[in-house]
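Laboratory data are not the source of any read-out in this text; all were calculated from the coordinates shown. Just so it is clear, the structure is predicted and the values come from calculations on it, not from any experiment. Reconstructed Cβ throughout: ideal geometry from the backbone, glycine too, with neighbour counts over all protein chains shown.
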Amino acid sequence: MRAMVLDRPGVSLRAAEVPEPVPGPHEVLLRVAACGVCRTDLHVRDGELPDAVLPLILGHEVVGRVVARGPRATRFAEGDRVGVPWLGQTCGACAYCRTGRENLCAGARFTGYHRPGGYAELTVADERYGVAIPEGYGDVEVAPLLCAGLIGYRALRKAGDAARLGLYGFGAAAHIVAQVARYEGRRVFAFTRPGDEAGAGFARRLGAEWAGSSAGAPPEELDAAIIFAPVGALVPAALRAVARGGTVVCAGIHMSEIPAMPYELLWGERTVCSVANLTRRDGEAFFALAPSVPVRTQVAALPLAEAVDALRRLRAGEIQGAAVLVP
């Protein structure tokens, strides 16, 4: 099959012909219909997330159809459409797994990092961690919901019942979260890169009542802020923007160093927390909600062979919404 392969961190992906994968006992073999391009793919490619299983096929926003099943795979039938998210497997036995916190499992394995991903014509996935895709969504438009949507949803829940919500970094996740937040009656304030008028306009079109530079301040205090951009300097900036008792949620899997800051920014019972991965329960809840909003994604569909350029454009901030690869 055709695939885009990462041989080692810091080098470009290469186009390759690789053997077709064979599904294990609980796995399904999927013919990939679409795979979203996520900033986490950049972190893996750059080596900012260590211990990737190399050589590696990236991609963890995978939509595919079942073409074969392992001997113990009974959840999906051949021809079913399945979503494959970041969380690919857990141990199922540790204290985290037993208490509904499988996202923190030390033995977890992640799609496009430890397990083969969707930058390919075929992939295998543990069906127990797959997501049933609601009808009404096309393959390309639904792909970003499998990470940008799920992580954004988990981050939104961490923000509590905040009425005034700030979103730092208006990319794939924020453009989805903004829709859910507005559906829930929240007021959205969007922060974009300095000078990014196109991004600010995009945020306003999706319901943000204010959009401006992340280097500045919002017109009023926020109840919570979610940081999607992997920029540690935004943490003190967001703390300055939230009111007493407010929450700052760091939603990325990787972030540059957070600079030293005065305690007064945290004082007043402000909270800083992170979002780590996701659970299967998140997937069930979000995909039950998404059609009601209804969540719509803005996507740039690109051929699989253009994966390198898709990552470049993502790094440069040239994509509004999300990029999706199509084999």
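With 0.36 nm allotted per residue and the present C-alpha distance subtracted, the Ala305-Glu264 stretch has 9.8 nm of extension available. Let me check against my output: what whole-number percent is the relative contact order of the stretch 233-327, with C-alpha pairs under 8 Å and at least 6 apart? For the stretch 233-327, the relative contact order is 23 percent.
Note that the stretch 240-250 has calculated 3J(HN,Hα) couplings of 5, 7, 8, 6, 4, x, x, 10, 10, 9, 8 Hz, one per residue in order, obtained from phi through the Karplus relation 6.51 cos²θ - 1.76 cosθ + 1.60 (θ = phi - 60°); glycine and proline are x. Work from the charge dipole of the chain (Cβ charges, +1 for Lys and Arg, -1 for Asp and Glu, about the Cα centre) and give the residue of Pro71, Ala305, His175 farthest towards its positive end. My answer, from the dipole projection, is Pro71. Note on Val11/Arg244: beta-carbon distance plugged into 1/(1 + (r/R0)^6) with R0 of 51 Å gives a FRET efficiency of 0.60. Ordered by the number of other Cβ atoms lying within 10 Å of each residue's own Cβ, fewest first, His114, His175, His60, His26 fall into the sequence His114, His26, His60, His175.
For the chain, modelled as a GNM whose springs connect Cα atoms under 10 angstrom apart, the maximal fluctuation among Pro230, Pro23, Pro71 occurs at Pro71. Which residue, Pro116, Pro262, Pro19, tops the fluctuation ranking in a GNM of the chain built on C-alpha contacts under 10 Å? In the Gaussian network model the winner is Pro262. With the simple spin-label model, which puts each label point 7 Å out from Cα in the Cβ direction, the Ala288 to Val67 separation comes to 3.4 nm.
Between Gly252, Gly317, Gly171, the residue with the greatest mean-square fluctuation in the GNM of the chain (Cα pairs under 10 Å linked by springs) is Gly317.
Estimated from the Cβ-Cβ distance and a Förster radius of 41 angstrom, the FRET efficiency linking Arg75 and Ala316 is about 0.55.
Is the shape of the stretch 150-274 rounded, prolate or oblate, going by the alpha carbon gyration tensor and its root eigenvalues a ≥ b ≥ c, with a/c under 1.5 for rounded and a/b larger than b/c for prolate? Rounded, since a/c falls under 1.5. Charged side chains reduced to their Cβ positions (Lys and Arg at +1, Asp and Glu at -1) give the stretch 150-274 a dipole of some 280 debye around its Cα centre. For the chain, the longest principal axis of the C-alpha atoms and the axis of helix 172-183 are separated by about 60°. In the chain, the calculated helix contribution to ellipticity at 222 nm averages -6500 deg cm²/dmol per residue, counting -39,500 (n - 2.57) for every DSSP H run with n ≥ 4. Ordered by the number of other Cβ atoms lying within 10 Å of each residue's own Cβ, fewest first, Ile253, Ile319 fall into the sequence Ile319, Ile253.
Of Leu156, Leu49, Leu54, the sequence from fewest to most neighbouring Cβ atoms within 10 angstrom is Leu54, Leu49, Leu156.
Dipole size of the chain about its Cα centre, with +1 on Lys/Arg Cβ and -1 on Asp/Glu Cβ: approximately 400 debye, rounded to the nearest 20. With both labels modelled 7 Å from their Cα along Cα-to-Cβ, the Ala163 to Ser256 distance reads 3.6 nm.
Look at the alpha carbon pairs under 8 Å that are at least 6 residues apart: their mean separation over the length of the stretch 1-80 gives a relative contact order of 37 percent.
Modelled label positions at Arg2 and Glu121, each set 7 Å beyond Cα in the direction of Cβ, lie 0.8 nm from each other.
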